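Input: a single structure, listed below in structure tokens.
The values are calculated or read from the model by the stated rules, or taken from the named source; none is laboratory data. Since the structure is predicted, the reported quantities are computational estimates derived from the model, not experimental observations. Note: ideal-geometry Cβ built from the backbone for every residue, glycine included; neighbour counts use all protein chains shown. Ligands, DNA and RNA are excluded from the accessible area calculation, which covers all protein heavy atoms including side chains. Shrake-Rupley method; radii C 1.70, N 1.55, O 1.52, S 1.80 Å.
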Amino acid sequence: MTSTQRRWAALVLAAGLAMSGCASDSDSADGGSTDDSTETTAAGGGGGAASGEAIFAKSCSSCHGKDAKGLPNLGKDLTASEFAKGMSDAELVAFIKKGRDTSDPANTTGVAMPPKGGNPALSDDDLAGVVAYLRTLEK
């Protein structure tokens, strides 16, 4: 994994932090969508870009800025991240789920990105929504 990919992953994980304010239960009794979650993510379904934007605004923007262009000494610019662009949606979701500790050599900010952005209640659909939203911002 290149350093750019690692940085993008860190940004995506930070996006996961933003999602902490919009957790949802992915195991609801109403059945939900019958679409494969990976396909749904790529198409902006599941959590969806709109819900991902709301999650980003509530949590991620504190490190990545309201425009996702990053804040000094906190979060990276997610709109131009080659790291995120180099990952599939599923890989980006997996990165957010795992997080990145400050001891990881790929961590270039010195700021930890906790698993699921610090909110263990976030579902894969929530994370997919943030990824879908970030994809709409890529330059």
The residue that is surrounded by the fewest Cβ atoms within 10 Å (Cβ to Cβ), considering only those in the stretch 105-139 that are of a type in the set (D, E, K, R), modelled with pLDDT of 85 or more and not in a loop (DSSP other than H, G, I, E, B), is 135
State the number of residues belonging to the stretch 94-104 that are in contact (Cβ under 8 Å) with a residue 60 or more places away in the chain and not in a loop (DSSP other than H, G, I, E, B).
5
Considering only the stretch 46-64, I want to know if a residue exists there that is outside any helix (DSSP H, G or I), open to solvent by 20 Å² or more (accessible area, probe 1.4 Å), at negative phi and not aromatic (Phe, Trp, Tyr).
no
When the residues of the stretch 65-92 are narrowed to those that are assigned to a loop (DSSP other than H, G, I, E, B) and open to solvent by less than 40 Å² (accessible area, probe 1.4 Å), which ends up nearest to residue 107 (Cα to Cα)?
75
